[in-house]
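S.K.: So that we are looking at the same thing, I have put the structure below in structure tokens.
The values are calculated or read from the model by the stated rules, or taken from the named source; none is laboratory data. As the structure is a prediction and not an experimental result, all values here were calculated from the model. Here the Cβ positions follow ideal geometry from the backbone for every residue, glycine too, while neighbour counts run over all protein chains shown.
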Amino acid sequence: MYSFSEIHKKIDFIEILTNRESSEKSSHLEQIHFIHQGVDIKNAERLRIELGWGIRTFSSAIRTSNSSYVRYKKELKPLNTTLSENAFEIAKVCSFCLDYFENIERFNTWLNTPSLPFDSKKPLTFINTIAGRELIKNTVNSLKYGYNA
């Protein structure tokens, strides 16, 4: 039988986002091809729900407006390349972080708690940029190896 943390380490948000067409282990070319196709809005919604994020939080994270995201949902349109890439990168960083936090609730609590490496702001406010996602990943990596964040 799997332990609680083993079950959560097996979650691959990229598989959720791509409906198992791609994973963390996929080549860069496969990932790029998928991004160029555009993320199916239904899979983006699955990712959003798995993360436990509201529409406002998720749309902000992928750098679109609430109304644009809702329009994608209503029209069942795939996300454009930029939004697809942002969603893909968020899936990657969240999979990485979940490996440390072991469950989505702990991860979301950390994301929504002001922290010194983030200038005493919530890490979630930085997830919408490449540099912010790198900062989140590096901070979690520091936590893994015993540094305070």
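S.K.: If residue 99 satisfies all but one of (1) modelled with pLDDT of 95 or more; (2) assigned to a helix (DSSP H, G or I); (3) not polar (S, T, N, Q), what's the number of the condition it fails?
M.R.: Every condition holds for residue 99 apart from (1).
S.K.: Now a separate question. Take the residues of region 44-70 that are within 16 Å of residue 126 (Cβ to Cβ) and among the aliphatic types (A, V, I, L, M): which is surrounded by the fewest Cβ atoms within 10 Å (Cβ to Cβ)?
M.R.: Among residues in region 44-70 that are within 16 Å of residue 126 (Cβ to Cβ) and among the aliphatic types (A, V, I, L, M), the one surrounded by the fewest Cβ atoms within 10 Å (Cβ to Cβ) is 51.
S.K.: Moving to a separate point now. Does region 40-60 contain at least one residue that is assigned to a loop (DSSP other than H, G, I, E, B) and under 11 Å from residue 84 (Cβ atoms)?
M.R.: Yes, there is a match, as at least one residue in region 40-60 is assigned to a loop (DSSP other than H, G, I, E, B) and under 11 Å from residue 84 (Cβ atoms).
S.K.: Hey, another quick one. If you go through region 64-79 one residue at a time, do you hit one that is assigned to a helix (DSSP H, G or I), in contact (Cβ under 8 Å) with a residue 40 or more places away in the chain and on the phi < 0 side of the Ramachandran plot?
M.R.: So far as region 64-79 goes, no, none of its residues is assigned to a helix (DSSP H, G or I), in contact (Cβ under 8 Å) with a residue 40 or more places away in the chain and on the phi < 0 side of the Ramachandran plot.
S.K.: Okay, moving on. Any idea which residue in region 118-148 is nearest to residue 98 (Cα to Cα), counting only those that are surrounded by 17 or more Cβ atoms within 10 Å (Cβ to Cβ) and more than 15 Å from the chain's Cα centre (by Cα)?
M.R.: Here the residue is 139.
S.K.: Please work out which one of (1) in a loop (DSSP other than H, G, I, E, B); (2) modelled with pLDDT under 95; (3) more than 13 Å from the chain's Cα centre (by Cα) is the condition residue 11 fails and give its number.
M.R.: Just one mismatch for residue 11, condition (3).
S.K.: Cβ-Cβ under 8 Å, sequence separation 6+ or interchain: first residue in region 87-101 and without any contact (Cβ under 8 Å) to a residue 40 or more places away in the chain and under 20 Å from residue 145 (Cβ atoms), partner among the aromatic types (Phe, Trp, Tyr) and assigned to a helix (DSSP H, G or I). Which pairs?
M.R.: From region 87-101, the pairs are 101/107; 101/110.
S.K.: Which of the residues belonging to region 15-39 are at pLDDT 90 or above, farther than 14 Å from residue 86 by Cα and surrounded by fewer than 13 Cβ atoms within 10 Å (Cβ to Cβ)?
M.R.: 29
S.K.: Tally the residues that are in contact with an Asp or Glu (Cβ under 7 Å, 6 or more places away or on another chain) and touching a residue at least 60 places away in the same chain (Cβ under 8 Å), restricting the search to region 105-144.
M.R.: Of the residues in that region, 0 qualify.
S.K.: Scan region 55-70 residue by residue and report those that are touching a Lys or Arg at 6+ places or on another chain (Cβ under 8 Å) and not polar (S, T, N, Q).
M.R.: 55, 58
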